[in-house]
Amino acid sequence: MTGQVPSDTGGVVKVSGPVVTAAGLPRTRLFDVVRIGTDRILGEVIRIDDDLVVVQAFEDTTGLRVDEPVVATGEPLYAELGPGLLGAILDGTQRPLESLGAESGHYIARGADPPRLDPDRLWDFQAAAAVGNEVTPGDLLGTVTEGRAFEHRVLVPTGWSGTVTAVRPGPATVLDPVVDIDGHPVTMMHRWPLRRARPVAGRLPLTVPLNTGQRVLDLLFPVARGGSAIIPGGFGTGKTVMEQALAKFSSADVVVYVGCGERGNELTEVLEQFPRLTDPRNGASLMERTVMVANTSNMPVAAREASIYTGITVAEYFRDQGYDVAMLADSTSRWGEALREVSSRLEEMPAEDGYPAYLATRLAGFYERAGAVQCLGTPERNGSVTIVGAVSPAGGDFSEPITQHSLRLAGCFWALDTTLSRQRHFPAVNWLRSFSQYDLDGWYDCEVADDWSRLRRWAAATLQDEGSLQEVVSLLGVEAIAAEQRITLRLGQALREDLLQQSSFDPADATCPPDRLLAMLRVLHAADGAMSSALSRGVAVPDIVGASVLTELGQMRRWPAGRVDDSARDLTRRVAEEMELL
Amino acid sequence: MTTQEGTTPFIVGHRTVTRIAGPLIVATGMDGVGYGELVEVDTGDGVVREGQVLELDESLAVVQVFGGTVGVGRRTTSVRTRGRAASTGVGKDYFGRVLDGMGRPRDHGPEPVPEDYRHVNGLPLNPIARAHPDQFLETGVSAIDGLLTLVRGQKLPIFTGAGLPANALAARIAAQTRAPDDATEVVVVFAAMGVTRREAAFFRTEFSADAASSSVLLLNLADDPTIERLLTPRVALTMAEYLAFELELHVLVVMTDMTAYCEALREISAAREEMPGRRGYPGYMYTDLASLYERAGRVRGGSGSLTQLMIVSMPDDDITHPIPDLTGYITEGQIVLSRDLDRTGVAPPIDVLPSLSRLMNAGIGAGKTRADHRGLADQLYSCYARGREVRRLMSIVGESGLPQEDQRYLAFASAFEATYLDQGDTRRTIAETLELGWRLLDPFPAPELTRLTADDLAEHHRAGPSA
């Protein structure tokens, strides 16, 4: 497609950790891939300085010697896209970890270069295009079924157009030609450079929420499909548990989960759990809608930098097929630190906290690949990529550069709070500090219930009032505030404990669909009315806030799925009755 | 580092030293040496030190010299390459031995006979080859077993402050940890970095008291060359990996003090004139620490495990200092020691409120510890948190101003500290720990114990005064 550059061979001049300098590669371009040394370590050109080429190596460089050969491939780093991605577990440069395991056992040896997609697996190609069709990039050529139910759409790759001259339905590998365009064979697999965003026909406004199943997010800080959110939090505040909850329960068609510089044992937990969990929408295993990119903290640092791009490219590939994709990155700070580490080895002038000055540009390049789009080609279809990035600020201090730059780019800020997590309030999303810039009330009022936005404002205002009152109470004691305010205080407590708190480990409570959330919210709102009317009848405040029926609000989260409406009606009635009797 | 790999070391050529700065030397004529490889630095006075290549630039090599650069001169010193990366002997012959920070005997005993040699840096474990840690490890310390359960294959740091008895706690855990459901013994690899002679003597006594039949002690003293400290945890973990993943033993690696290790890392970074990160620590400290901590775990299909406990001194008790901060982001929880508890004589002074074991849920419950373990732990935690809050309030309003309900929590907090946390030298089994927890909850009426199920309450709770 692009002009092929013949490969060069040069030699190693300098080695410093993951940064290798080579000479004798005059035709190499920035971000071209090279193979370093006799082990053929994968690397990428990140700077060209006269005759010297600076390369970041995606594998460990121990033992590398001066004068070992460096071979330029003349190509940038590619993702290989096609059927077989779903359910795969990949490292930062898209090498399937299963294949690496088969090649080198428990540990990851150097220089392994297995095929990114299984070249032998047969897929039943169902043709959609016919001989004689005029096609342009993005047009549907056919489909294959992945897993139980996923329709993987094979599209005309970018750069191709013309007349379909042959169609070969039936079993095919990703490398077999399934369609000919103007006599040229097209396979189901195609390659895309990781660092380039895939083209779309147009961008769409962000009006539909990505339901996360987490009450505090869906109610107070919803994220739009095609939007982006960040989850900053110190260690132990539950970033990973939250990312995993989103991977399990969010209303996306495809989930791309990038474990970037995180714990190996956590990844193992995901790998052991996901195949056993089922997708509520079609009963298939959750793994069948998931692509995992795993570059744990002890794997090479440059591959950690690439893993984010591998993830987003795969996400865009499914978006182009017309799917809603959630791209979860845990943690973007590790990615930023990888940038910093390489930058420091290049002796670049550092900006804040030692991060390179281009950190903000790189972050923007990543977050701006989120979006709701009209896809290229026919049939007409829309897709979206929603990015949720965890951020691990040093010392839990949100003023550090990655949090601050991400904050400017992301539409949602889900601030996790160490104080809340110490109180074992999970998810530890600080409701006073977090925000969402997406206006999705319209969708909720139309699709869930027309009083949604009113209830949402009531809940937000109550929490806000309670927060201010708590400050007064902690200084002056509960006697210092007015009777109505003590009702607000009790309501705030109910909202916090019985609505915002949600246990990821309790199967009944781990996810909460919008209708259940609505029912819970209505019960609490009704309780507000009942308590206020009791107060206006002159009932003593301690009797109202201490009413035993209020402790039953904690049971709302465990209502059986089929009986939510009945249970809500019943509880509302009993709250009203008990308040009447006081 | 103990002996050469094979019988004849592969030694090539002599090089000249052009620059000496702190623990680093720059040598020329280093053709053929590999990045990260070991070299021999011969000072000409009969002392041969080992060094490691930190950077290669054409024929120049930056070498960090283990053993320090005192006595290294430009004309008198030559550098020889050995053509291999830093490695260590591994095997059971190291049991009962006291080694120095690079794995050489420090106890005047015979040279150990290794079963094999391994590169000290190891290789990253493929995430799909890991088995999720979900087996209980009994430390005999109630605060840990009951509330912060350690699981085989976990990495859990102890955050401590100057003067707090973290080393005593670590030594006790090392001596008395068992795997109750498994006949395989728990062996200990203890890596002490930058410890004083007094501390070293303490560790030696602790370990010899235990016959030390199944432990290896690596001692890098505070006045040993700083740079050796960078190898100490790697040698220890390499030995431990062999024991855990090839000999299928349960290995507990205790590393103390990671702060001394990180300072060594900073020293080298400064000598290399690298761009400093937060508080002068290098930007790659996260990656470096991860390359140590991530060596904990279990391997699919194997029965062994490698569990890590590392002691991290928080400078000025500051948990947001880069060392505890980065550690906390990598490890699976943390145990935090409290100065207040230590002052009141609670031993070990574990503050359970900011402490956490992320893998606890996987290692407890029916068939592992007991079905009521989770609920009981949550209840104790929540009662103690409330008790501490009441104690804080009391300091403002006075005890007489507290409602009776609050006084019960106050009494609980004190009893919890005096009996559950403070256990002196006794070792408690998990059954004893759980029983103790239940007895502490007896004064509460059952309806207040909302974290426990009705079944658990019926079985274990002895009704206190009626509400």
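The values are calculated or read from the model by the stated rules, or taken from the named source; none is laboratory data. Since the model is a prediction, treat every value here as computed from it, not as a measurement. For neighbour counting, all protein chains shown are included, and Cβ atoms are generated from backbone atoms with ideal geometry for every residue, glycine included. Side chains included, ligands, DNA and RNA excluded: accessible areas come from the protein's heavy atoms. Shrake-Rupley method; radii C 1.70, N 1.55, O 1.52, S 1.80 Å.
Shape verdict for the stretch A:70-223, please, from the Cα gyration tensor: rounded (a/c under 1.5), prolate (a/b greater than b/c) or oblate. Taking the square roots of the gyration eigenvalues as a ≥ b ≥ c, the stretch A:70-223 is oblate. Averaged over peptide B:416-424, the number of partner chain Cβ atoms lying within 10 Å of each residue's Cβ comes to 0. Over the residues of chain B, the helix contribution to mean residue ellipticity at 222 nm works out to -8500 deg cm²/dmol, using -39500 (n - 2.57) for each DSSP H run of at least 4. Expressed as a whole percent, the accessible area of the stretch A:9-76 that falls on carbon and sulfur atoms is 50 (1.4 Å probe). Over 28 Å apart at the Cα level, from the set B:Lys92/B:Lys368; A:Lys248/B:Lys155; A:Lys14/B:Lys92, are B:Lys92/B:Lys368; A:Lys14/B:Lys92. Taking every DSSP beta bridge that has both ends in the stretch B:88-363, the antiparallel portion is near 30%. Accessible surface area normalised per residue over chain B is 36 Å², counting heavy atoms of protein chains with a 1.4 Å rolling probe.
Kirkwood analysis of the Cα pair distances in the stretch B:88-363 returns a hydrodynamic radius of 18.6 Å. On the protein heavy atoms, probe 1.4 angstrom, tell me the percent of accessible surface of chain B carried by carbon and sulfur. Ligands and nucleic acids excluded, carbon and sulfur reach 52 percent.
Pair-distance distribution P(r) for the stretch A:436-516, from all Cα-Cα distances in 5 Å bins starting at 0: 3, 12, 18, 18, 17, 15, 9, 6, 1 percent. For the chain pair A and B, buried accessible area totals roughly 5100 Å², probe 1.4 Å, rounded to the nearest 100. Rounded to whole numbers, the Karplus 3J(HN,Hα) couplings from phi for the stretch A:383-399 are x, 8, 10, 9, 9, 10, x, 7, 10, 10, x, 4, x, x, 9, 6, 7 Hz, using 6.51 cos²θ - 1.76 cosθ + 1.60 with θ = phi - 60°, and x at Gly and Pro. Sorting A:54-64, B:342-352, A:99-109 by their mean Cβ neighbour count within 10 Å, with the most densely packed peptide first, gives A:54-64, B:342-352, A:99-109. Along the stretch A:193-200 the Karplus relation, 6.51 cos²θ - 1.76 cosθ + 1.60 evaluated at θ = phi - 60°, assigns HN-Hα couplings of x, 4, 8, 10, 5, 7, x, 9 Hz to successive residues, with x for each Gly and Pro. Could you run the Debye sum over the Cα atoms of the stretch A:8-99, one equal point scatterer each and no solvent, and tell me log10 of I(q)/I(0) at q = 0.13, 0.14, 0.21, 0.22 Å⁻¹, two decimals? Scattering profile of the stretch A:8-99, log10 relative to I(0): -0.44, -0.50, -0.93, -0.99. Burial annotation for the stretch B:93-138: residues with an accessible-area loss of at least 40 Å² between the isolated chain and the complete set of protein chains, computed on heavy atoms with a 1.4 Å probe, are B:Leu123, B:Pro124, B:Leu125, B:Asn126, B:Pro127, B:Ile128, B:Arg130, B:His132.
Helix A:564-581 and the longest principal axis of the Cα set of chain A meet at an angle near 30°. Sorted from longest to shortest, the spans of the Cα atoms of the stretch B:331-430 along the three principal axes equal 46, 27, 27 Å.
Taking only alpha carbon atoms, chain B gives an Rg to Rh ratio of 1.04, where Rh is the Kirkwood radius. Most tightly packed first, judged by the mean number of other beta-carbon atoms within 10 Å of their residues, the peptides A:531-543, A:227-239, B:86-98 read A:227-239, B:86-98, A:531-543. The H on the amide N of A:Ala128, modeled in the peptide plane, is under 5 Å from the matching H of A:Gly142, A:Thr143, each at least 5 residues off or on a different chain. Sequence-ordered 3J(HN,Hα) estimates for the stretch A:95-100 from the Karplus curve with 6.51, -1.76 and 1.60 and θ = phi - 60° stand at 6, x, 5, 4, 5, 5 Hz, glycine and proline given as x. Distant-in-sequence amide contacts of A:Val256, defined by a placed amide H-H separation under 5 Å and a gap of 5 or more residues or a different chain, comprise A:Val291, A:Ala326, A:Met327, A:Leu328.
Could you tell me which of rounded, prolate or oblate describes the stretch B:43-91, using a ≥ b ≥ c as the square roots of the eigenvalues of the alpha-carbon gyration tensor, with rounded for a/c under 1.5 and, failing that, prolate when a/b is larger than b/c and oblate otherwise? In terms of gyration-tensor shape, oblate. Evaluated at q = 0.04, 0.05, 0.10 Å⁻¹, a Debye calculation over the C-alpha positions of the protein assembly as shown (equal weights, vacuum) places log10 I(q)/I(0) at -0.22, -0.34, -1.30. Averaged over peptide A:346-355, the number of partner chain Cβ atoms lying within 10 Å of each residue's Cβ comes to 2.
Averaged over the residues of peptide B:29-38, the number of Cβ atoms from other protein chains lying within 10 Å of each residue's Cβ is 5. Other residues whose C-beta falls under 15 angstrom from the C-beta of A:Ile48 contribute a net charge of -3, scoring Lys and Arg +1 and Asp and Glu -1. Its residue count N fixes a reference of 2.2 N^0.38 Å for the stretch A:235-360, and the Cα radius of gyration divided by that reference is 1.16. With 10 Å bins beginning at zero, the pair-distance distribution over Cα atoms of chain A amounts to 3, 16, 24, 23, 16, 9, 5, 2, 0, 0 %. The orientation-averaged projected area of the convex hull spanned by the Cα atoms of the stretch A:447-581 comes to 8.6 nm².
Summary of packing: across the peptides B:418-426, B:100-108, the per-residue average of other C-beta atoms within 10 Å ranks them, highest first, as B:100-108, B:418-426. Each listed q (0.13, 0.20, 0.23 Å⁻¹) maps to a log10 I(q)/I(0) for the stretch A:120-190, found by the Debye formula over equal Cα scatterers with no solvent: -0.31, -0.73, -0.96. Dipole magnitude for chain A: computed about the Cα centre from +1 point charges on Lys and Arg Cβ and -1 point charges on Asp and Glu Cβ, it is near 220 debye. For the stretch B:373-460, what class follows from the C-alpha gyration tensor (a ≥ b ≥ c being the square roots of its eigenvalues): rounded when a/c is under 1.5, otherwise prolate if a/b is larger than b/c, else oblate? Here the stretch B:373-460 falls in the oblate category. Over the stretch A:447-581, accessible surface divided per residue gives 48 Å², non-protein components excluded, 1.4 Å probe.
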